[in-house]
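**Q** Next up is a structure, given as structure tokens.
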Amino acid sequence: MAKNEQKTLLKAQQGELDAVLMYHALADTVKDKNDAETFRRLAAEEGRHAAVFKALTGVSLKPKKTLATLLPVLYKLMGRRRLYPIIAKFEYDAANTYAPVARDYPEVLSVKDDEKRHGDMVLGLLGE
């Protein structure tokens, strides 16, 4: 594995781990029970994604709490209508980032597809 590939995979693994904490923190913060349930489901899926990347990197990482701390505050300040599109964009950006990785690592293809679906799910919570 090339050094730049390892760096990309480690960054993806870290992002997935961080998203697990972020979605759990949001689930504990949001007012709507359906939103909370969706965020818990997304957290579980992000955990599976982190495992895919860990299998590729062979490195154990620890999640960082930055997003898990920041997003609940932003939820309270901005509200769901303004925050959820931002979260969806993170998911869509991840899907775009993973697309070239999936060419070399087919196991990442399902992760890429899930990220697009995650963005759609978060936007779907707005009911628009």
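**Q** Considering (1) surrounded by fewer than 19 Cβ atoms within 10 Å (Cβ to Cβ); (2) among the small types (Gly, Ala, Ser); (3) under 26 Å from GLN6 (Cα atoms), say which one GLY127 fails and leave the rest.
**A** It fails just one condition, (3).
**Q** Among the residues of region 84-104, write down those that are surrounded by fewer than 13 Cβ atoms within 10 Å (Cβ to Cβ) and over 30 Å from ALA2 (Cα atoms).
**A** Within region 84-104, just ILE86 meets the criteria.
**Q** If you check GLU107 against the conditions, is it under 22 Å from LEU10 (Cβ atoms) and crowded, with 17+ Cβ neighbours inside 10 Å?
**A** no
**Q** Given the options LYS31, LYS62, name the one that is out of contact with any His (no Cβ under 9 Å at 6 or more places or on another chain) and modelled with pLDDT under 95.
**A** LYS31
**Q** Within region 58-76, can one find any residue that is farther than 19 Å from GLY124 by Cα, among the small types (Gly, Ala, Ser) and open to solvent by 30 Å² or more (accessible area, probe 1.4 Å)?
**A** Within region 58-76, one or more residues are farther than 19 Å from GLY124 by Cα, among the small types (Gly, Ala, Ser) and open to solvent by 30 Å² or more (accessible area, probe 1.4 Å).
**Q** Right, here's the next one. Only one of these is under 18 Å from LEU42 (Cβ atoms), open to solvent by 70 Å² or more (accessible area, probe 1.4 Å) and not β-branched (Val, Ile, Thr): ARG81, ARG117. Name it. Please lay out each step first, then the result.
**A** Values: ARG81 fails: under 18 Å from LEU42 (Cβ atoms).
That would be ARG117, the only listed residue that is under 18 Å from LEU42 (Cβ atoms), open to solvent by 70 Å² or more (accessible area, probe 1.4 Å) and not β-branched (Val, Ile, Thr).
**Q** Do we find a residue being among the acidic types (Asp, Glu), at pLDDT 95 or above and more than 17 Å from ASP18 (Cβ to Cβ) anywhere in region 78-95?
**A** no
The values are calculated or read from the model by the stated rules, or taken from the named source; none is laboratory data. Not measured: the values here are computed from a predicted model. Cβ: placed from backbone, ideal geometry, glycine included. Neighbour counts: every protein chain shown. Side chains are part of the model used for accessible areas, which takes the heavy atoms of the whole protein and leaves out ligands, DNA and RNA. Shrake-Rupley method; radii C 1.70, N 1.55, O 1.52, S 1.80 Å.
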